[in-house]
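Undergrad: Would you mind keeping the following structure in view while I ask a few things?
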Amino acid sequence: MKQFQNKTELSRHLNTLKGVNKSVGFVPTMGALHQGHLSLVNRGLDENDIVVVSIFVNPTQFDNQEDLVKYPRTLKTDVDLLKTVSEDRIVVYAPTVEDIYGDHVESQSFKFDGLENEMEGAYRDGHFDGVGTVVKRLFEIVEPQKAYFGEKDFQQLQIIRKLVELHKLPVNIVGCNISRASDGLAMSSRNKRLTKAHRNVAPLIFKILKTAKAKFGTKSAKKVAEWVEKQFQKEPLLELEYFTIADVTTLKPVKRKSKNKTYRAFIAVYAGDIRLIDNIALN
Ligand code: PAF
């Protein structure tokens with residue numbers, strides 16, 4: 001499997017492949033790969049000749065330094081896992097911070113039509129500037145035809161779609177279904193850091209989301225949110241940060257339900273010091 005640390009060498013290799021009409025898909029990751037990432041890679045392999053997987057823990061998208069330091073870094077295991085999927089059609093790009101940022105490790109400031117101010121944006125200062133900066137740079141380096149993102153980070157997915165639209169980037173964004181463990185917990189690199197006790201209670205998050213979805217059929221968003229808050233008060237190992245039912249296009253919280261709009265419920269929960277997010281389509 002080809003592996004690059006340097007963007008110039010990666011571009012040279014990809015240009016050779018593109019020169020013989022190979023299509024290139026892209027799966028950006030921060031490593032600590034799991035089955036959720038592999039499902040994105042497999043989708044990429046179904047739709048492209050080559051899939052580039054970037055593995056880069058992007059410092060500018062962390063508002064919490066401790067989270068950045070503790071973020072799992074498992075490059076060798078990640079590469080071994082990718083080799084089980086394909087030895088010859090996956091290219092790994094695992095750059096240094098310098099290769100992406102040069103001497104200035106800072107993010108550009110973006111406006112995404114207000115999408116950046118909701119939910120994760122309200123709780124994680126500068127997070128989407130960091131995501132926008134790194135994803136734009138990675139797109140400019142890899143120049144893929146298609147790029148694959150999981151719906152677990154649904155707000156991120158919508159923001160990247162907006163980034164592509166506003167900056168007229170020549171790439172198709174493909175949103176992919178959330179991968180879940182058999183007990184319903186959404187797959188995340190952060191799950192590896194859960195204690196046994198927190199891992200045992202974490203499936204409650206999806207269970208509550210599913211019931212909230214059923215309740216939204218007959219109850220107002222406010223009533224559903226009140227019910228969700230009560231459920232978390234009963235579980236001392238999980239602390240609810242937010243639960244929001246929002247319009248999928250604007251990501252603004254729903255005030256009055258409208259038949260013509262599509263909604264999703266979004267949730268962020270602390271399990272100890274690990275922050276977990278999830279969401280579910282409502283209609
Ligand atoms: O979703 C992630 O893992 C990251 O936010 C991304 C898109 C790789 C950018 O660092």
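Undergrad: Tell me which residues, restricted to segment 117-158, are at positive phi and among the small types (Gly, Ala, Ser).
TA: Hit for segment 117-158 is GLY126, nothing else.
Undergrad: Going through segment 249-277 one residue at a time, which ones are within 30 Å of ARG193 (Cα to Cα), surrounded by 15 or more Cβ atoms within 10 Å (Cβ to Cβ) and not aromatic (Phe, Trp, Tyr)?
TA: If the condition is that a residue be within 30 Å of ARG193 (Cα to Cα), surrounded by 15 or more Cβ atoms within 10 Å (Cβ to Cβ) and not aromatic (Phe, Trp, Tyr), then LEU251, ARG264, ALA265, ILE267, ALA268, VAL269, ALA271, ILE274, ARG275, LEU276, ILE277 are the ones that fit.
Undergrad: OK, next. Determine, yes or no, whether SER220 is of a type outside the set (Asp, Glu), out of contact with any His (no Cβ under 8 Å at 6 or more places or on another chain), surrounded by fewer than 16 Cβ atoms within 10 Å (Cβ to Cβ) and under 27 Å from ASN42 (Cα atoms).
TA: Spelling it out, it is not the case that SER220 is of a type outside the set (Asp, Glu), out of contact with any His (no Cβ under 8 Å at 6 or more places or on another chain), surrounded by fewer than 16 Cβ atoms within 10 Å (Cβ to Cβ) and under 27 Å from ASN42 (Cα atoms).
Undergrad: Within segment 192-210, track down each residue that is within 20 Å of TYR71 (Cα to Cα), at pLDDT 95 or above and either part of a loop (DSSP other than H, G, I, E, B) or within 16 Å of the ligand (Cβ to nearest atom) (or both).
TA: LEU194, THR195, ALA202
Undergrad: Restrict the check to segment 7-29 and report whether at least one residue is under 29 Å from LEU276 (Cβ atoms), surrounded by fewer than 17 Cβ atoms within 10 Å (Cβ to Cβ), hydrophobic (A, V, I, L, M, F, W, C) and without any contact (Cβ under 8 Å) to a residue 12 or more places away in the chain. Please lay out each step first, then the result.
TA: Narrowing segment 7-29 to residues under 29 Å from LEU276 (Cβ atoms): 25-29.
This time we only want the ones that are surrounded by fewer than 17 Cβ atoms within 10 Å (Cβ to Cβ), so: none.
No: segment 7-29 contains no residue that is under 29 Å from LEU276 (Cβ atoms), surrounded by fewer than 17 Cβ atoms within 10 Å (Cβ to Cβ), hydrophobic (A, V, I, L, M, F, W, C) and without any contact (Cβ under 8 Å) to a residue 12 or more places away in the chain.
Per-residue answers, yes or no, for (1) closer than 20 Å to LEU68 by Cα; (2) among the small types (Gly, Ala, Ser); (3) more than 12 Å from the ligand (Cβ to nearest atom):
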position: ASP125; (1), (2), (3): yes, no, yes
position: VAL134; (1), (2), (3): yes, no, no
position: LYS146; (1), (2), (3): no, no, yes
position: ASP153; (1), (2), (3): yes, no, no
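Undergrad: Being more than 14 Å from the ligand (Cβ to nearest atom), of a type in the set (S, T, N, Q) and within 30 Å of GLU241 (Cα to Cα): is that true of SER86 here?
TA: No.
Undergrad: Between a residue in segment 149-161 that is more than 13 Å from ARG264 (Cβ to Cβ) and of a type in the set (D, E, K, R) and any residue that is crowded, with 23+ Cβ neighbours inside 10 Å and modelled with pLDDT of 95 or more, which pairs come within a Cβ distance under 8 Å, given they are 6 or more apart or on different chains?
TA: Close Cβ pairs satisfying both conditions: none exist.
The values are calculated or read from the model by the stated rules, or taken from the named source; none is laboratory data. Because the structure is predicted, anything quoted here is derived from the model rather than measured. Glycine gets a Cβ as well: all are built from the backbone with ideal geometry, and neighbour counts include every protein chain shown.
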